[in-house]
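Take a look at the structure below.
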Amino acid sequence: MTQLQHFDNNINIKLSALWGTVMSLYIYCDYFQLYVPGKLQAMLDGTTIFGVGDQLMLMGLSTFMLVTSLMICLSILLPPIINKWLNIVVGLIMTVFLAILVFKSGYYFYQVFAAVESLLTLVIAWYAWKWPKSQSH
């Protein structure tokens, strides 16, 4: 009987895959928000984000998405020590923001997405914290 071989994935690939998953969940959640009654009209009226459509709020939320997007490639490209600490810090900051959203939204789908996203960003911080050490001979 042939057995499938399991490859132990590099920590960089695990972190990048987790960030990619978080980013995908952000996008799907934003898409599903379009089905919230009144959302499209609010977008047309320029009051799309928490009732405020100003540039400062949009810049803040864009930065949130930008950081997550960049973490996908930075988790592969950065040197280990910088990578470890950046994933811990960004992972924990995102976990806090997302955990707050779990309790601030009145829509169940949004709470579920925020809960899963916060769990994944916590896993990212945990993986980074447990970054494998090199074996010195």
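Output yes when any residue across the stretch 99-113 is of a type in the set (A, V, I, L, M, F, W, C), exposed (fewer than 14 other Cβ atoms within 10 Å of the Cβ) and closer than 19 Å to ILE27 by Cα, and no when none is. There is at least one residue in the stretch 99-113 that is of a type in the set (A, V, I, L, M, F, W, C), exposed (fewer than 14 other Cβ atoms within 10 Å of the Cβ) and closer than 19 Å to ILE27 by Cα.
Take the conditions (1) part of a helix (DSSP H, G or I); (2) open to solvent by less than 90 Å² (accessible area, probe 1.4 Å); ASN9 misses just one of them, which is (1).
Once the stretch 1-29 is narrowed to residues that are under 22 Å from MET71 (Cα atoms) and without any contact (Cβ under 8 Å) to a residue 60 or more places away in the chain, the residue that is nearest to the chain's Cα centre (by Cα) is MET23. Here LYS39 clears all of (1) modelled with pLDDT under 95; (2) within 24 Å of TRP131 (Cα to Cα) except the condition numbered (2). Of all residues in the stretch 17-27, those satisfying the criterion of being open to solvent by 40 Å² or more (accessible area, probe 1.4 Å) and either under 18 Å from SER62 (Cβ atoms) or not in a helix (DSSP H, G or I) (or both) are SER24, ILE27. Could you go through the stretch 77-88 and let me know if any residue there is hydrophobic (A, V, I, L, M, F, W, C), modelled with pLDDT under 90 and either assigned to a helix (DSSP H, G or I) or under 14 Å from TYR127 (Cβ atoms) (or both). Scanning the stretch 77-88 turns up no residue that is hydrophobic (A, V, I, L, M, F, W, C), modelled with pLDDT under 90 and either assigned to a helix (DSSP H, G or I) or under 14 Å from TYR127 (Cβ atoms) (or both).
Looking across the stretch 62-98, the residues that are open to solvent by 70 Å² or more (accessible area, probe 1.4 Å) and either under 16 Å from TYR26 (Cα atoms) or hydrophobic (A, V, I, L, M, F, W, C) (or both) come down to LEU66, LEU70, ILE76, LEU77, ILE81, ILE82, TRP85, VAL89, LEU92, ILE93, VAL96, PHE97.
With respect to LYS39, is the statement that it is more than 28 Å from TRP126 (Cβ to Cβ), open to solvent by less than 80 Å² (accessible area, probe 1.4 Å), among the charged types (D, E, K, R) and without any contact (Cβ under 8 Å) to a residue 60 or more places away in the chain true?
Working: more than 28 Å from TRP126 (Cβ to Cβ): yes; open to solvent by less than 80 Å² (accessible area, probe 1.4 Å): yes; among the charged types (D, E, K, R): yes; without any contact (Cβ under 8 Å) to a residue 60 or more places away in the chain: yes.
Yes; evaluated as a whole, the condition is true for this residue.
Mind listing whichever residues of the stretch 124-137 are open to solvent by 50 Å² or more (accessible area, probe 1.4 Å) and either part of a helix (DSSP H, G or I) or modelled with pLDDT of 95 or more (or both)? Steps first, answer last, please.
Residues of the stretch 124-137 open to solvent by 50 Å² or more (accessible area, probe 1.4 Å): 126-127, 129-130, 132-137.
Scanning the stretch 124-137 gives TRP126, TYR127, TRP129, LYS130.
Residue-by-condition table, conditions (1) more than 16 Å from the chain's Cα centre (by Cα); (2) charged (D, E, K, R); (3) within 30 Å of PRO132 (Cα to Cα):
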position: TYR31; (1), (2), (3): no, no, no
position: SER75; (1), (2), (3): no, no, yes
position: LEU78; (1), (2), (3): yes, no, yes
position: LEU92; (1), (2), (3): no, no, yes
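The values are calculated or read from the model by the stated rules, or taken from the named source; none is laboratory data. Just so you know, these numbers come straight off a predicted model, no measurement behind them. Every residue, glycine among them, receives a Cβ derived from its backbone with ideal geometry; neighbour counts consider all protein chains shown. Just so you know, the surface numbers come from the protein's heavy atoms only, side chains and all, with ligands and any DNA or RNA stripped out. Shrake-Rupley method; radii C 1.70, N 1.55, O 1.52, S 1.80 Å.
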